[in-house]
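The structure appears right after this line, and notes come after that.
The values are calculated or read from the model by the stated rules, or taken from the named source; none is laboratory data. Remember, it's a predicted structure, so these values are computed and weren't measured experimentally. When we count neighbours, we look across all protein chains shown, and the Cβ atoms used for this are built from the backbone with ideal geometry, even at glycine.
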Amino acid sequence: MSNPRLFKEEVKLRCIHCGYTMDADPWTFTCPRCGSLLEVEMPTNIKFSWDVARKRRFGVWRYRELLPIGDNIEPVTMHEGGTPLLRLRSVENGNAYLKFEGTNPTGSFKDRGMSFGVTIAKHLGVRGVIVASTGNTAASAAAYSARAGLECIVVLPKGKVAKGKLAQALLHGAHVTEIEGVFDQALERVFVEAVLRGHKDLYPLNSYNPWRLEGQKTLAFEIVDEIGVSPDVVIVPVGNAGNISAIWKGFKEMYTYGLVKRLPRMIGVQAEGAAPLVKTWQAKSSELIAVENPSTVASAIRIGKPVNWLKAMKAVEDSKGVFIAVSDKEILEAMRYLAINEGIGVEPASAASLAGYWKALEEGIVSRDELSVLIATGHALKDPDTIINRFS
Ligand code: F0G
């Protein structure tokens, strides 16, 4: 039998800056014309029905028709996604729901994109995958490449990765390289080794890879699948800014296909000490205002130069949303609040979404009756040291 098609027919890559459009290619990560990031352009003529989809397990692969992957490609999966959407009963009588991504196989939303990205890597026949990470991407890449029989190389900022995440990467047999500096330097290193050198033996799965984000857009599909409409507001902790861009893309595509009648406002939340997008947003700057030495208790989003900054700015602008900064104190209060009052254990970065919701209510950006979905990106056990140091 001939090799199955990796991508659906008519799937394209489109530059987010100059609009240059090219054929789908798993190895092109930047625009050949202007060097900006690419996004996947889905065909306009897909056939999708909720009834057909709902016969499949709730999760990433339920929405196959809405993903660019070829029909006969076997996914590398551990039933990621299908995470609970929990009403926050105690939050100021608000109309808030929390999408608890901590229940994914490795404990974070990264599994959605990794299932998708490692499926591509396996089909390409590469030796392995490579990622830079603040921790969760590494844990997820390590587990999914183990499942696919691929090597995994992770580049981490030395001494700055929460223990649970490092332990997962080691457990699943990843080759760990630690570098001096922060995540941003680790990402530059991976880009040079995997993309600029052009060897094509290791598939890079950071979020400048537009294909990985296609798995993450399923967060939007699941929310609509469960509540039947787009929420008024979606609140997302932002680091490298891939996730907020992916979720917005998911909503926009459902709108294009007539699956929803309106779109939510996207609110991106960053920690005060690592808030390049908040600064860029407030200054209305057309260039990223980077943060040289990002610092926050929320190590997952300790990022000063988010690679997807332009995608995220567009998501927030197009959706009439906003970027909000919250302090470490507010993040830890929200984390403790969820644990004590709702029984939900999340890591600090994830609690930024509740801290951001509180701030948005206070500042009148969101009203109490608006249906708000807070993305809780990762599980509490990812970062046991913060819990023991701050709450015992
Ligand atoms: N929340 C958690 C728990 C994360 O691990 C991350 C990103 C984010 C939020 C932000 O998502 O980068 O798409 O804006 N973690 C990456 C990593 C950077 O390496 O695990 P983003």
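One table, with the values for the structure above:
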quantity	calculated
Test: residue in the range 227-248 that is part of a helix (DSSP H, G or I), within 15 Å of the ligand (Cβ to nearest atom), surrounded by fewer than 24 Cβ atoms within 10 Å (Cβ to Cβ) and modelled with pLDDT of 95 or more	no
Search result, residues across the range 318-343 that are away from the ligand (no atom under 14 Å from the Cβ), over 14 Å from residue 241 (Cα atoms) and of a type outside the set (Gly, Ala, Ser)	318, 320, 328, 329, 330, 332, 333, 336, 337, 340, 341, 342
Residue that is farthest from residue 223 (Cα to Cα) [pool: residues in the range 69-83 that are surrounded by fewer than 21 Cβ atoms within 10 Å (Cβ to Cβ) and touching a Gly at 6+ places or on another chain (Cβ under 6 Å)]	79
Tally, over the range 22-53, of residues that are of a type outside the set (A, V, I, L, M, F, W, C) and closer than 19 Å to residue 246 by Cα	9
Close pairs from the range 165-194: first farther than 17 Å from residue 111 by Cβ, partner buried (at least 22 other Cβ atoms within 10 Å of the Cβ) and of a type in the set (Phe, Trp, Tyr), Cβ under 9 Å, at least 6 apart	194/203
Selection count, the range 135-180, where residues are part of a loop (DSSP other than H, G, I, E, B) and either of a type in the set (Val, Ile, Thr) or within 14 Å of the ligand (Cβ to nearest atom) (or both)	5
Selected residue (only one of 260, 297 is in the same structural domain as residue 245 (by TED's automatic domain parsing), within 13 Å of the ligand (Cβ to nearest atom) and either assigned to a loop (DSSP other than H, G, I, E, B) or farther than 13 Å from residue 238 by Cβ (or both))	297
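Okay, residues lined up against (1) surrounded by 16 or more Cβ atoms within 10 Å (Cβ to Cβ); (2) assigned to a loop (DSSP other than H, G, I, E, B):
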site	(1), (2)
277	yes, no
284	no, yes
290	no, yes
303	yes, yes
313	yes, no
316	yes, no
337	yes, no
356	yes, no
361	yes, no
